[in-house]
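Below is one structure, written out as structure tokens; comments come after it.
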Amino acid sequence: MKAILFDFDYTLGDTTNGIVLSAQYALEQMGEEERTYEEIKKTIGLSLSETYKKLTGNMDEERAGRFFDLFKEKADEVMVDSATLYPGVKEMLVSLREQGCRIGIVTTKFAYRVQNIMKKFDAEDLFDVIIGVGDVTKVKPDPEGLLLAMERLGVKKEDVLYVGDSFVDAKAAEAAGMKFAGVLTGTTTREAFEQYPQESISETVVDFYRILLKE
């Protein structure tokens, strides 16, 4: 592979606490019914609009937009501080760069937020491109973000692999005509990933990298 693109949440790292706090804040401000930690956790990987609809059952786009704004307001306060990288991730990224591989992130987070998280771990210079929700008109599972990352990297789709933890990531890669590898650190099961085209399904992203090295 000339380039490897990664999802962020539950693939490279974990911001569950920040996401839950931000979602609970937005729901409270809107007078919506409170949702539990586990209920919100299951929505991670969806767009914020879809998250709102999933949590409330309300399909109103104006309300979903309000949820988006309130979520972002709270996330600006808590997301970076709550973020963690999974063990071995930074070392994996350094190794990929040393081998001449281009690296990117395509996420439903804002790009600046991911950049700040990576800066916290002194890893912001390890990426050639970061595509976030503010860079596209349609979020995953639409392939727009993946195609934009590929364009900015100057590579062909057959030379790119996308790694993610969700069926949403698998759908996006399939729509982009891009190879995909699933990791099981999110809420999507191995059986669910097997319904989509994929190169591998690994317990963690570091396990994926070990498979890649053997190939």
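Only the coordinates and a few stated rules stand behind these numbers; no lab work does. Predicted model only: the values in this text are computed from it and were never measured. Neighbour counts run over all protein chains shown; Cβ positions are idealised from the backbone, glycine included.
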*About its Cα centre, how strong a charge dipole does the chain have in debye, to the nearest 20, once Lys and Arg get +1 and Asp and Glu get -1 at the Cβ?*
460 debye
*Over the chain, calculate the relative contact order: mean separation of alpha carbon pairs under 8 Å at least 6 apart, over the residue count, as a percent.*
23 percent
*Label-point separation (nm) for K42 and T137, each offset 7 Å from Cα along Cα-to-Cβ?*
3.4 nm
*Quick one: compute the contact order of segment 16-82, relative version, from alpha carbon pairs under 8 angstrom and 6+ residues apart, as a percent.*
48 percent
*Select from G13, G88, G45 the residue whose mean-square fluctuation is largest in a Gaussian network model of the chain (Cα-Cα springs shorter than 10 Å).*
G88
*For segment 161-183 and segment 110-145, distance of Cα centres in Å*: 16 Å
*Search the structure for amide H atoms under 5 Å from the amide H of Y162, placed 1.01 Å from N in the peptide plane, and list their residues when 5 or more places away or on another chain.*
L5, K179, F180, A181
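When the Cα atoms of segment 16-82 are enclosed in a convex hull and the volume is divided per residue, what value in Å³ results? The partial results should precede the final answer.
Numbers: hull volume 4.7 nm³, N = 67.
Normalising the Cα hull of segment 16-82 by residue number yields 69 Å³.
Given charges of +1 on the Cβ of Lys and Arg and -1 on the Cβ of Asp and Glu, with all other atoms neutral, how large is the dipole of segment 16-82 about its Cα centre, in debye to the nearest 20?
Details: 9 positive and 15 negative charges, 48 e Å.
Result for segment 16-82 is approximately 240 debye, rounded to the nearest 20.
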_Regarding the chain, what's the average projected area of the Cα-atom convex hull, expressed in nm²?_
11.0 nm²
_Can you show me the helix-derived [θ] at 222 nm for the chain, built from DSSP H runs with n ≥ 4 at -39,500 (n - 2.57) apiece and divided by the number of residues, rounded to the nearest 500._
-14500 deg cm²/dmol
*For E28 and K119, what is the calculated FRET efficiency with R₀ set at 25 Å and r taken between the beta-carbons, to the nearest 0.05?*
0.25
